[in-house]
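The values are calculated or read from the model by the stated rules, or taken from the named source; none is laboratory data. Everything quoted here is computed from the prediction, not taken from an experiment. Neighbour counts run over all protein chains shown; Cβ positions are idealised from the backbone, glycine included. Heavy atoms of the whole protein, side chains included, go into the accessibility calculation; ligands, DNA and RNA do not. Shrake-Rupley method; radii C 1.70, N 1.55, O 1.52, S 1.80 Å.
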Amino acid sequence: MVVELFTSEGCSSCPPADGVLSRMVDKGVPGARVLALGFHVDYWDHIGWNDPYGARAHSDRQRGYADRLHVRSIYTPQMVVDGAVEFVGSREDQALAAVRAAAGQAKVPLSLTRDGAYLVLVLPANLPLDAEVFLALTEPGPAQRVSRGENAGRTLAHAAVVRQWIALGPASAGRRWAWPVDQLVPKGRSQQAVALLQIKGQGRILGAESLAIQS
């Protein structure tokens, strides 16, 4: 299942939630396969520290969840599990319970493989209607010292930082995509590719797959 964390280096409440996500990635959750996506938002930048991983597209995705899940206003740190349930991302017990609950739900299988120099995504022959497809490229964020803002003086590291977020459009049965790996991943770097199938309008995530790739 997919665990999305909306976070920012400018938010003093966020490091504990980043720790929760890191532990899920490093230690795993028994009985569940966690695919982590760390979305750094940009709306904290105005207080003095520009998050190097922040992006407007990440904030827009969080706003989409606020509309869909009837959240009065966006906030950090926020976790969303399988597009269906949201909560304060530092609440580790709640995060683990949500992940275990999501693990019991049937998922649509996606095929994400490497074929030579290409990353290949193939959708199954039978698909739910009104679904959309996304591709994320993530990597750990190296520890760096924050010099301004609410976390001034702290050294922060992150798990599964989203470096690219690509909307592939409406899903169709058997659809296939192929990308040259060297156009997705900077040379000499290793990243995690995560493909998502999600009900249109940022609804429930129906299926996801991941693959480590190196350029």
* Asked: Does Gln191 satisfy the condition of being in a strand (DSSP E or B), out of contact with any Gly (no Cβ under 9 Å at 6 or more places or on another chain), open to solvent by less than 40 Å² (accessible area, probe 1.4 Å) and farther than 22 Å from Val108 by Cβ?
  -> yes
* Asked: If you take the residues of the range 44-95 that are of a type in the set (Lys, Arg) and open to solvent by 50 Å² or more (accessible area, probe 1.4 Å), which of them is nearest to Met24 (Cα to Cα)?
  -> Arg91
* in contact with an Asp or Glu (Cβ under 6 Å, 6 or more places away or on another chain) and under 20 Å from Asp82 (Cβ atoms), is that true of Leu37? -> yes
* From Val25, Val3, residue being part of a strand (DSSP E or B), of a type outside the set (Lys, Arg) and either touching an Asp or Glu at 6+ places or on another chain (Cβ under 9 Å) or open to solvent by 30 Å² or more (accessible area, probe 1.4 Å) (or both) -> Val3
* Going by the structure shown, is Ser73 touching a residue at least 24 places away in the same chain (Cβ under 8 Å) and part of a loop (DSSP other than H, G, I, E, B)? -> no
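Hey, does the range 176-187 have a residue that's within 20 Å of Val99 (Cβ to Cβ), modelled with pLDDT of 95 or more and open to solvent by 10 Å² or more (accessible area, probe 1.4 Å)? Outline the logic, then answer.
Applying the first criterion (within 20 Å of Val99 (Cβ to Cβ)) to the range 176-187 yields none.
The answer is no; no qualifying residue exists.
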* To do: Only residues in the range 161-181 that are within 29 Å of Asp18 (Cβ to Cβ) count as the first member; pair them with residues that are open to solvent by 40 Å² or more (accessible area, probe 1.4 Å) and charged (D, E, K, R), Cβ under 9 angstrom, at least 6 apart or cross-chain, and list the lot.
  => Ala167/Glu132; Leu168/Glu132; Leu168/Arg175; Val181/Arg114
* Asked: Could you say whether any residue in the range 192-215 is modelled with pLDDT under 95 and in contact with a Pro (Cβ under 7 Å, 6 or more places away or on another chain)?
  -> yes
* To do: Would you mind finding the one in Ser59, Ser90 that is small (Gly, Ala, Ser) and in a loop (DSSP other than H, G, I, E, B)?
  => Ser90
